[in-house]
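Accompanying notes for the structure given below.
Just so you know, all these numbers are worked out from the coordinates, no wet-lab data involved. It should be emphasised that the depicted structure is a prediction, and the values quoted were computed from it without experimental measurement. We place every Cβ from the backbone using ideal geometry, glycine too, and count neighbours over all the protein chains shown.
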Amino acid sequence: MYQGRVHRVAEDGNAAIDGADRLVGHVRVLCDRFRALTGIQRPGRHRVNRPGRLPRWPLWLAGLLAGCGGEMSILDTAGSAARQQFWVWWAMLAVAVAVSLGVYALWFYTFCRREPASRTPREERRIMLRWVLGGGVALPVVSIVALLVFAAPTGRGMLPFPEGEAERIEVIGHQWWWEVRYPGEGEEREVVTANRLVMPAGEPVDFHLTSDDVIHAFWIPRLGGKRDMVPGRDSIVRLEADSPGVFGAQCAEYCGAQHTHMLLHVEALERDAFDAWLAERRSSPELQPGFDQAREAFGEHCAACHTVAGFPDELVVDDLEHDIRGPDLSDVGSRPSLGAGVLPMEEGAIAYWLQHHQTLKPGNRMPPHHHIDTETLHEIGAWLETLEP
């Protein structure tokens, strides 16, 4: 009985294999017929239907080269640190391409070579150890050491060594906006702004970085550097702009739902223009006459979270229990954008932001203003637009 079952299982297995072979054979026949049929009916179809078709590689090349410029491109350098990183990037790319080509060449060689002569187990072991030690140990070690030697000066150039004086600018990351502070010396008033960074050109600047909530990352691609901003920890990076200009900056560490809407507008000015920009904001602010109702509404609904230099303390109504800290609005009328790059600053933009900020930037910590009538919001916006040095 046992032998009968074995023979029956073997016959069933052979039948299944034969059936699979027949199925594969039918599929091959159908594919061959289909190829022959399409070849007879449409010979050279791409030539007949699309005469003079232009090649697509110029479009691909143009798209590739488009990434070499722009305010967020590391290849369009505008500072010494960025240039050093530029050459490190090209060196890493060259090594990666060389290693990839070598691997592809060996891969093709294994398919194209003839059958090697028989080897003894000892010879096989020697060849295996040669590849393991050479390709798996020696090559990575040599590559990493060479990269460290080549890139170490780049990292050192971004450290705030006491070689000459450097301007100090403090940058604090929030969800999802930037706070920028310019400390005063002696009795000078500290300048505080938001989502706009102005720096002197042609000289080093030490950026003191930290975060108020989660981990952010400070990154000005054209000037170099990408430094994490960790809550409770102060880190410093030294950057320099070669000449005056406007640069884009972006939070480079995912920090929540509105991470992509955390842009920083960076301007590099000549030293005289930078000193004049600071002096305007250090001077004692004077609020323009009028807008009394707007100021009262601001003190009641906004002053608990936002600060305006020179705003009367008696108008501030702060009887709410909260821990929300909003941007300083002392010079909001002179800023290029609202909401860290969400809206361009233009007439009526602040009122529009106050009405629709949770739609424009969902999840931001400013509560909705449904309890405030539209006319009052427009009055507040019109007054805030006048806040310029």
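In terms of surrounding Cβ atoms within a 10 Å radius of their Cβ, 374, 77 rank from fewest to most as 374, 77. Taking amide H atoms as placed 1.01 Å from N in the peptide plane, the amide H of residue 211 lies under 5 Å from those of 173, 230, 232, 233, each 5 or more residues away in sequence or on another chain. Footprinting exposure proxy ranking of 73, 118, fewest other C-beta atoms within 10 angstrom first, gives 118, 73.
Size descriptors for segment 285-389, from the alpha-carbon set: Rg then Dmax equal 12.9, 35 Å. One chain, two ends: residue 100 and residue 190. Fully extended at 0.36 nm per residue, the span grows by 27.1 nm beyond their Cα-Cα distance. Between residue 213 and residue 144, the distance separating the two model label sites (each 7 Å from Cα on the Cα→Cβ line) works out to 3.8 nm.
Tell me which trypsin sites (Lys or Arg not before Pro) from segment 228-280 have a DSSP coil assignment and no more than 14 other beta carbons within 10 Å of their own. Intermediate results must be reported in sequence, preceding the final value.
On the way: sites: 233, 238, 271; in loops: 233.
The qualifying sites are 233.
Place a +1 charge on the Cβ of each Lys and Arg in segment 208-283 and a -1 charge on the Cβ of each Asp and Glu, then give the dipole magnitude about the Cα centre in debye, rounded to the nearest 20. Using only the charged Cβ atoms, the result is roughly 140 debye. Put simply, when 283-291, 329-337 are sorted by average Cβ atoms within 10 angstrom per residue, most first, you get 329-337, 283-291.
Exposure proxy shown here: for 223, 106, the number of other Cβ atoms within 10 Å sets the order, fewest to most, as 106, 223. Altogether, the Stokes-Einstein calculation at 20 °C and 1.002 mPa s, with the Kirkwood radius of segment 198-309 over Cα pairs as Rh, returns a diffusion coefficient of 128 µm²/s. Among 350, 376, 386, pick out the residue whose Cα is farthest towards the positive end of the charge dipole of segment 297-389, where Lys and Arg carry +1 and Asp and Glu carry -1 on C-beta, about the Cα centre. My answer, from the dipole projection, is 350.
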